[in-house]
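The values are calculated or read from the model by the stated rules, or taken from the named source; none is laboratory data. Every value quoted in this text rests on a predicted model; they were computed, and no experiment measured them. In this analysis, Cβ positions are derived from the backbone assuming ideal geometry, glycine residues included, and neighbour counts consider all displayed protein chains. Heads up: the accessible areas ignore ligands, DNA and RNA and are worked out on the full protein's heavy atoms, side chains in. Shrake-Rupley method; radii C 1.70, N 1.55, O 1.52, S 1.80 Å.
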Amino acid sequence: LTGKLKSEELLQLESVRLATEAEARLARVNAELDALRKPPQGSEKLASSEELEAKLRQQLQAVRADCDARQRRMQDYDGSLQRSNSALASLRADKELAISDHGELREKALAAREQLESRIQCLRSARAVLAESR
């Protein structure tokens, strides 16, 4: 379970890194888009600028979709991590209860053993008295 938690933490760190990269790409694309919004010089530049703007919009949309997907995965990892932590806490509580139960059972076994030894001793004494009386 601890190994699973560590692997989930590593996956979460990787997701954060990838989300940071996606955000950086998004910032670069936004900067390029802002640069394209400046009025172009000449009609040739206008056509290529419009094509470039459309291409950048598509890239921006793809980056946003990727970022959203990564954020959803991070939320899934967070949920999984919370469930794992909850399961680990439950297992620890069960372990403590089992340890407590084991201690109580050992005490009962010791008390039963002492009673049995005492009764065996009484039985031996009674047999000895009977053997002497015959």
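Which count do you get for residues in the range 45-61 that are at pLDDT 80 or above, among the hydrophobic types (A, V, I, L, M, F, W, C) and surrounded by fewer than 14 Cβ atoms within 10 Å (Cβ to Cβ)? Outline the logic, then answer.
Just the residues of the range 45-61 that are at pLDDT 80 or above, to begin with: 51-61.
Now drop any that are not among the hydrophobic types (A, V, I, L, M, F, W, C), which leaves 52, 54, 56, 60.
With the extra rule that they be surrounded by fewer than 14 Cβ atoms within 10 Å (Cβ to Cβ), the set shrinks to 54.
Residues meeting the conditions: 1.
All of (1) surrounded by 10 or more Cβ atoms within 10 Å (Cβ to Cβ); (2) free of Cβ contacts under 8 Å to residues at least 40 places away in the same chain; (3) out of contact with any helix residue (DSSP H, G or I) (no Cβ under 8 Å at 6 or more places or on another chain); (4) not hydroxyl-bearing (Ser, Thr, Tyr) hold for Arg64 with one exception: (3). Annotation: Glu132 fulfils all but one of (1) surrounded by 10 or more Cβ atoms within 10 Å (Cβ to Cβ); (2) of a type in the set (Asp, Glu); (3) without any contact (Cβ under 8 Å) to a residue 40 or more places away in the chain; the unmet one is (1).
Do you know which residues across the range 5-44 are more than 21 Å from Arg73 (Cβ to Cβ), open to solvent by 80 Å² or more (accessible area, probe 1.4 Å) and modelled with pLDDT of 85 or more? Listed by number, the list holds a single entry, Arg28. Counting the residues of the range 87-121 that are within 30 Å of Lys4 (Cα to Cα) and among the acidic types (Asp, Glu) gives 3. Within the range 71-85, residues that are among the charged types (D, E, K, R) reach partners that are surrounded by 15 or more Cβ atoms within 10 Å (Cβ to Cβ) and part of a helix (DSSP H, G or I) with beta carbons closer than 7 Å, at six or more positions or on different chains, in the pairs Arg73/Ser15.
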